[in-house]
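Notes follow once the structure below has been shown.
The values are calculated or read from the model by the stated rules, or taken from the named source; none is laboratory data. Keep in mind it's a predicted model, so treat the numbers as computed, not measured. Counting neighbours? That spans all protein chains shown, and the Cβs are built from the backbone with ideal geometry, glycine included. Each accessible area value is taken on the protein alone, full model and side chains, heavy atoms only, with ligands, DNA and RNA left out. Shrake-Rupley method; radii C 1.70, N 1.55, O 1.52, S 1.80 Å.
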Amino acid sequence: MTQENKNELVFLPLGGSNEVGMNLNAYGFGPEHDRKWIIVDVGVTFGDQSTPGVDVIVPDPSFLEGEEILGIVLTHAHEDHIGALGWLFDRIKAPLYATPFTAFLIREKLRDHNLDEEVELNEVPLGGNVQLGPFDVTYVTITHSIAEPNGLSIKTPLGTVLHTGDWKLDDQPVVGERTDEAFIRSLGDEGVLAMVCDSTNVFVEGVAGSEGDVREKLVELIKPLKGRVAVGCFASNVARMDSVIYAAEQAGRRVALAGRSMHRITAAAKSVGMLPDVQFLSEEEAKIWPADQILFLCTGSQGEARAALSRVAEGTHPFIKLGQGDHCIFSSRVIPGNELAIARLQDKLAEKGVQIYTEKGNPGIHVSGHPCRDELRQMYAWARPKIAVPTHGQRRHLIEHGHLAKSLGVEQVVTPRNGDMVRLAPGYAEIIDEVPSGRLFVDGGMLVEEQGEALRERRHAASNGMLIVAFALDRRGKMVSDIDIRSVGMPGDGEGRLEQILDDLAERVEDVVRSLKGEALEDELVIEQAVARTLKKASQKVWGRRPIVETIVLRM
C-alpha cells in the first residue's frame, strides 16, 4: 500500500474545542482522499449581547458536506449536543443513532423542522452496539446531569477511542445507572489508543458531587418552608426533577410544572419509564391549591426572558403568583454570560418579598454534571489511553487538561482547536491539517454566515445608532422637498436637543446635495455616498459616533 493509500484514523472537532458547547466531532478512517466518517453530536450554543437578534448558533459543517458520512451518533440530549440537528441535517445527511430518551427529544426537533419523515432515526439500547463500516461503536453507560448519558467506545482496525461525552462519577445518580466502571476497565485492559475527554471542570479540585446528596439537601431546605415554593432548575436534569418532587412529597406538597421544557422533558422521561408514579397538578388546580401545599417546578433559572421564572417575576405568569412570604430556590449553576440576567431576575423576585435561595448561600443544592480533577484522574486510571485529546472546554481548559494527562503518565497529548484534524494512528498523534470551521447564526429562521452583513450592520447600529434621510429631487437634480432626517438610537431626545441637532444635520445635507453638479446629480449612489460622508463626519463631532446612514432619494 502506497503512502497516499495508507489507512489513517483521524479526529476532527468542528465545535466544542476552545469553547463549552456547540459540540460537533467527527472521526474519519481510510486513506486521505477516501475517508469514511462518523459524526458524534451536533449541538448548538446560544447568542449573547455580541450577537443582537441571534439566539442560536451552530457549527459550520462545510468540510463534511459531500463526504461519505456513515452515521451521526448522539451521546445525550443536551442542546449543545443535539440542538443543531434540525438546522444542519440537510448538509450532513446520514442515519442517526441515539438511546431512547435522546431519540424521543430528537424526534421533536425533527418534527419542528419537518424532517421527521425524511430522517432515519435508530434507537439503540443502553449499552448497545452499532457497526458503521470500520467503526464498531458501543454505547458506554456514564453519569451526567441528564437522563441516559453515554460515552462511546469506538473500535477501528487501527485502535480504540474512548469518547467520553459529558460525564462525571456519581455513586448515587438518583435516575439511571452508575458509570460502567467494569466496561471502561476492560477497555483499558484491551488497550485504549486515545481518550477524547470532557475538560469543563479541569481547574476544580476534588469531585463534582452526587445527585443523591442534592436530594437530601433539598429535602432539608424545603420541608420547613411556609408559603408557596418555586424551584428553578435545568429541565433536562431528570434526576434533579425527581429529587425536587421527592422533597415536595416529604413536605406534604404537590408539584405543578411551569415552562414548556418541563413538560417536554417530563414526557420524554415518562416514555422511557422514568417518573412513573408522579402525578402533577394541572394549571387549573395550581391556581387554587393551598399555598403551603404546592411547589412549582420552573424553567428559567438562567434569567431567560420568556421562561417561567421571568414571567413570575414580571407578574405575567398565568397561574403562578409569588409574593411576601413565598420562596424561590435556584437549584442550578450560573452559566457564564448569564450573570446579569439572573441577578435582574432575582432582584425582581426579592422586590416582591420572595425569599431567594442559591447555591452560594445553601451549599449542596446543586452539583455539576462534569468531572473535577479527582474524577479525571480516576477515568485515566481506568482507561489508560496512549493519547489524551481534551475537548469540551475553552483554550485554557484544554491546555490544563493536557498538563494533567501528562502528569498521569499519558504518552501523547494533543489539544486541538476547532478545525484541527488530528491523526491518531498510525504513528505519533499530531495535527496534520486545518480545515474550514466556524459558526453559522440562526437569524430570522435562516442560517447566515458569522460575518454576514445583516449582523454586522445590527452590531454597528447597536453601538452607533442610525440616521434615515429622505428628500426629493426633480429631473434636473433640483431639491423639491424638505430634508427629512429621522434617528434611531441617537442621544438627545430627553432634553429636546435631538430635534435641533437633526435640523442642523438637514442643513448640512442640503448644502452637500446643492454642491453636486452635472452627472453626479443623476447618480443616486454618488448622492448617497456624499450624504453619508457628511452625516458621519458631523455625527462624530456631535456625538462621538459614526451611525449607519440610510438615504432615500425620490425622483419627481
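Tabulated values for the structure
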{"read-out": "Stretch gain in nm, segment LYS541-GLU118, where the contour uses 0.36 nm per residue and the Cα spacing is subtracted", "value": "146.5 nm"}
{"read-out": "Cα-based equivalent ellipsoid, the range 405-519: semi-axes from gyration tensor eigenvalues, Å", "value": "57, 19, 12"}
{"read-out": "Isotropically averaged projected area of the range 430-488, using the convex hull of Cα atoms (one quarter of hull area), nm²", "value": "8.5 nm²"}
{"read-out": "Accessible surface of the range 44-144, 1.4 Å probe, proportion on carbon and sulfur as whole %", "value": "43 percent"}
{"read-out": "Low-density loop positions, trypsin sites (Lys or Arg not before Pro), the range 478-539 - DSSP coil, at most 15 other Cβ in 10 Å", "value": "LYS478, LYS517"}
{"read-out": "Cα extents of the range 1-60 along the three principal axes, largest first (Å)", "value": "53, 16, 16"}
{"read-out": "Probe 1.4 Å, protein heavy atoms only - accessible area per residue of the chain in square angstrom", "value": "45 Å²"}
{"read-out": "Additional length obtainable on full extension of the chain from ILE288 to GLN500, 0.36 nm per residue less Cα span", "value": "70.7 nm"}
{"read-out": "Length-normalised contact order of the range 450-496 in % [C-alpha pairs under 8 Å, at least 6 apart]", "value": "35 percent"}
{"read-out": "Cα point-scatterer Debye curve for the range 327-483, base-10 log of I(q)/I(0) at q = 0.20 Å⁻¹", "value": "-1.19"}
{"read-out": "Equivalent ellipsoid semi-axes, the range 1-101, via Cα gyration tensor eigenvalues times 5, rooted, Å", "value": "27, 15, 11"}
{"read-out": "Ratio Rg/Rh, restricted to the range 208-342 and using Cα atoms, in which Rh is the Kirkwood radius", "value": "0.93"}
{"read-out": "Share of carbon and sulfur in the accessible heavy-atom surface of the range 150-294 [1.4 Å probe, %]", "value": "47 percent"}
{"read-out": "D (Stokes-Einstein, µm²/s), Kirkwood Cα radius, the range 238-298, 1.567 mPa s at 4 °C", "value": "110 µm²/s"}
{"read-out": "Those GluC sites (Glu not before Pro) in the range 179-282 that DSSP places in a loop and that have at most 10 other beta carbons within 10 Å", "value": "GLU205"}
{"read-out": "The chain: relative contact order as a whole-number percent, Cα under 8 Å and 6+ apart", "value": "15 percent"}
{"read-out": "Inter-label distance, nm, simple model (7 Å from Cα along the C-beta direction), LYS352/LEU554", "value": "4.9 nm"}
{"read-out": "Net charge contributed by nearby residues that have their C-beta within less than 11 Å of LEU408 (K/R +1, D/E -1)", "value": "+3"}
{"read-out": "25 °C / 0.890 mPa s Stokes-Einstein diffusion coefficient of the chain, Kirkwood radius on C-alpha pairs, µm²/s", "value": "92 µm²/s"}
{"read-out": "The range 66-142 - Kirkwood radius from inverse mean 1/r over Cα pairs (Å)", "value": "12.8 Å"}
{"read-out": "Radius 11 Å from Cβ of ALA230, net charge of other residues (Lys, Arg +1; Asp, Glu -1)", "value": "+1"}
{"read-out": "Computed [θ] at 222 nm, helices only, for the chain once each DSSP H run of length n ≥ 4 contributes -39500 (n - 2.57)", "value": "-9500 deg cm²/dmol"}
{"read-out": "Taking the convex hull of Cα positions in the range 119-243, its mean projected area over all directions (nm²)", "value": "10.6 nm²"}
{"read-out": "Within the chain, percent of DSSP bridges classed antiparallel, to nearest 5", "value": "55 percent"}
{"read-out": "Local electrostatic count, ALA381, Cβ distance below 13 Å [Lys/Arg +1, Asp/Glu -1]", "value": "0"}
{"read-out": "For the range 288-359, the spread of Cα positions along each principal axis, largest first, Å", "value": "37, 23, 21"}
{"read-out": "Whole-number D in µm² s⁻¹ for the range 463-556, Kirkwood Cα-pair radius fed into Stokes-Einstein, 20 °C, 1.002 mPa s", "value": "159 µm²/s"}
{"read-out": "Low-density loop cleavage sites - trypsin sites (Lys or Arg not before Pro) in the range 1-89, where at most 14 other Cβ are within 10 Å (DSSP)", "value": "LYS6"}
{"read-out": "Largest-first principal axis extents of the Cα set of the range 200-268 (Å)", "value": "39, 30, 16"}
{"read-out": "Rg(Cα)/(2.2 N^0.38 Å) for the range 343-416, N = residue count", "value": "1.68"}
{"read-out": "Size descriptor, Kirkwood hydrodynamic radius, that averages inverse alpha-carbon separations across the range 472-521, Å", "value": "12.3 Å"}
